[in-house]
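S.K.: Take a look at the following structure, please.
The values are calculated or read from the model by the stated rules, or taken from the named source; none is laboratory data. Worth saying up front: this structure is predicted, and the values here are computed from it rather than measured. Cβ: placed from backbone, ideal geometry, glycine included. Neighbour counts: every protein chain shown. All accessible areas refer to the heavy atoms of the entire protein, side chains included, with ligands and DNA or RNA removed. Shrake-Rupley method; radii C 1.70, N 1.55, O 1.52, S 1.80 Å.
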Amino acid sequence: MSTYQAPVRDMLFDMEHLARINDFAQWPGFEDVSLETAQAVLEESARFSSEVVAPLNHPADKAPATLAGDVVTTSPGFKEAFRQYVAGGWQGLQHPVEFGGQGLPKTIGAACGEMLSAANLSFALCPLLTSGAVEALLLAGSPKLKARYLPRMISGQWAGTMNLTEPQAGSDLALVRTRAEKQSDGAYKLFGTKIFITYGEHDLAENIVHLVLARVAGAPEGVKGISLFVVPKFLVGEDGSLGARNDVHCVSIEHKLGIKASPTAVLQFGDNGGAVGYLVGEENHGLEYMFVMMNAARYGVGVQGIALAERAYQQAVAYARERVQSRPVDGSSKAAVAIIHHPDVRRMLMTMRALTEGCRALAIAAAAASDAMHNHPDTGVRQQMQMFYEFAVPLVKGYSTEMSVEVASLGVQVHGGMGFIEETGAAQHYRDARILPIYEGTTGIQASDLVGRKTLRTGGLLGRAIAAQIAATEQKLAAAGSAHAGMFAQRLGQARQAFLDATDFITGQGMSNLNAAFAGSVPYLMLSGNLLAGWQMGRALLAAERALAAGQDSVDAPFMRAKIATARFYADHILPRTAGLREAVVHGADSVMALPVEAF
């Protein structure tokens, strides 16, 4: 079983050349941000993740969280690791300084989040959900709620959760039944059951701040009648001190395929008189506030996919270097060699590497757009970056998580029969990855968002605007003069045209045949994610060629040559997938709906 080495060099390359992090210092609030800042933070994050958290990953899979009564005990080592995480200030890395955070860009925070998730996905889920809860309170919390809860959540002293799902209400939140009754003191009492609550109960933090969707009596039917509430595990006094236990209890935790060390709780609210809650924002606006938390979590889950893919890739490479089997097909050795010399194993490893680096590049570019939309001094740039970020989020979430399952599966395949044996650890990566395309909105839900909100609602204008930016990169690649860049320009252009054809089909069907438009929604998402990740790989190829041409020091030269080789592979093997996806979108709609329901 391999150890985890954080890909700091690749992350810094993306930050420098794709995110252009050295420009951030010109934006209000980021005056002290630079590549050197990022390097210092990333190197310390890498040390913590690899030395403190990663060694707990496989043991925690074997000794997951347990429930006794309504008390959840996390896996051995988690409490001490979390204590160090909090002491290091990692929870507040990208949250506002005014509430005790460090105020660093999302671009840096996302890279640190990838490291933590690669080291131990089950452990990393607790900080991820807390950050999402912080985002929601920053958006809609009253000054009193912010003052009472945010400093302790941002410090990591308290954790946070999001409570949406109920036994009868999964993705369709219109079916939420948890009710909230207003009290004379302005607080509310909540009654109901929430399921699939990640870290809904645990022993890592002093308090757990649940953000809960519920209905107030007399609220409109459907999603327009949902409100959002803060429901703490322990009630909080005016001075921030902890008081009595609130009427919210864990009644069970799930037994899962993967992420076994992350307690997924069933929470019961109000069995003993009502759980005390406090309204966030206005009544009946809860879903729009929760979407802020969900969007933050969706981006974070996409990064988790990249993290698991990186971990699976590293382990597969380590095994392929050591496993000796068969003579090489070219006759270069009369004895058996390590399997990394065999062409098909190299194909699998390069697929894993190219997919992971492409998705990382897209995620970092998206994070930079998020930072720009909040901090750039130019209003026009902020608007442009917001449109790109909103288009990219379902791709980072959907494409990167589907990619992680493919990469983790290839990791098992590289190991052969040993990959199917739990002791190697390859199987755990595959099991852990499988939840990622499901939670925080399935791939189908991300695809519906991409087709409905981001494509049909804009008449395809947003996608076409991004395609125009991709075309500009193609021109730069073609003008670069190298054979590699020219080939990449050709492949990228073909993928861009496939995307435009699919976009035209979807927008053309939007008014007359919605089933046809949505029948190809997931292929359209996969096409779009492939294209945008490929676009970033094309930009990376140009940057690497420029660095080599400029005579960058010999220490960096092997990295740059490897980046070019990986980009070439992406162009040859990954971008051509867009042609088949285009066919599925444009010509496959009728067959999706052809079989009558009763024939299944």
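S.K.: Just a yes or no: is a residue in segment 376-383 among the small types (Gly, Ala, Ser) and not in a helix (DSSP H, G or I)?
M.R.: Looking for residues that are among the small types (Gly, Ala, Ser) and not in a helix (DSSP H, G or I), one finds none in segment 376-383, hence no.
S.K.: Assess whether residue 143 counts as being of a type outside the set (Val, Ile, Thr), more than 29 Å from residue 8 (Cβ to Cβ) and free of Cβ contacts under 8 Å to residues at least 24 places away in the same chain.
M.R.: Yes: the conditions hold for residue 143.
S.K.: Moving to a separate point now. What single numbered condition from (1) open to solvent by 40 Å² or more (accessible area, probe 1.4 Å); (2) at pLDDT 95 or above fails to hold for residue 536?
M.R.: Unmet for residue 536, out of (1) open to solvent by 40 Å² or more (accessible area, probe 1.4 Å); (2) at pLDDT 95 or above: (1).
S.K.: In segment 102-111, how many residues are in a loop (DSSP other than H, G, I, E, B), small (Gly, Ala, Ser) and open to solvent by less than 10 Å² (accessible area, probe 1.4 Å)?
M.R.: Qualifying residue count, segment 102-111: 0.
S.K.: I would also like to ask the following. Inside segment 269-298, can you point out the residues that are open to solvent by 40 Å² or more (accessible area, probe 1.4 Å) and either outside any strand (DSSP E or B) or under 24 Å from residue 123 (Cα atoms) (or both)?
M.R.: 271, 272, 273, 282, 283, 284, 285, 288, 291, 292, 295
S.K.: Inside segment 547-600, can you point out the residues that are of a type outside the set (A, V, I, L, M, F, W, C), open to solvent by less than 80 Å² (accessible area, probe 1.4 Å) and over 29 Å from residue 344 (Cβ atoms)?
M.R.: 551, 552, 556, 588, 596
S.K.: Go through segment 166-192 and give me each residue that's out of contact with any Gly (no Cβ under 9 Å at 6 or more places or on another chain), farther than 28 Å from residue 445 by Cα and part of a strand (DSSP E or B).
M.R.: Result: 182, single match.
S.K.: To continue, here is another question. Has segment 377-384 got at least one residue that is in contact (Cβ under 8 Å) with a residue 12 or more places away in the chain, open to solvent by 20 Å² or more (accessible area, probe 1.4 Å) and not basic (Lys, Arg)?
M.R.: yes
S.K.: Still on this model: Name every residue in segment 439-451 that is part of a loop (DSSP other than H, G, I, E, B) and more than 12 Å from the chain's Cα centre (by Cα), in order of residue number.
M.R.: Residue satisfying the conditions is 442 alone.
S.K.: Condition check: touching a helix residue (DSSP H, G or I) at 6+ places or on another chain (Cβ under 9 Å) and either buried (at least 24 other Cβ atoms within 10 Å of the Cβ) or modelled with pLDDT under 95 (or both). Does residue 544 satisfy that?
M.R.: yes
S.K.: Run down 19, 25, 40 and say which single residue is within 20 Å of the chain's Cα centre (by Cα) and at negative phi.
M.R.: Answer to the selection: 19.
S.K.: Next question, about the same structure. Quick one: how many residues across segment 304-331 are surrounded by fewer than 24 Cβ atoms within 10 Å (Cβ to Cβ), among the small types (Gly, Ala, Ser) and under 27 Å from the mean Cα position of the chain (by Cα)?
M.R.: Number satisfying all stated conditions: 1.
S.K.: Restricting to segment 253-267, name every residue that is closer than 21 Å to residue 169 by Cβ and open to solvent by 40 Å² or more (accessible area, probe 1.4 Å).
M.R.: Selection gives 254, 256.
S.K.: When you check residue 132 against the structure, is it free of Cβ contacts under 8 Å to residues at least 40 places away in the same chain and either surrounded by 23 or more Cβ atoms within 10 Å (Cβ to Cβ) or closer than 23 Å to residue 302 by Cα (or both), yes or no?
M.R.: no
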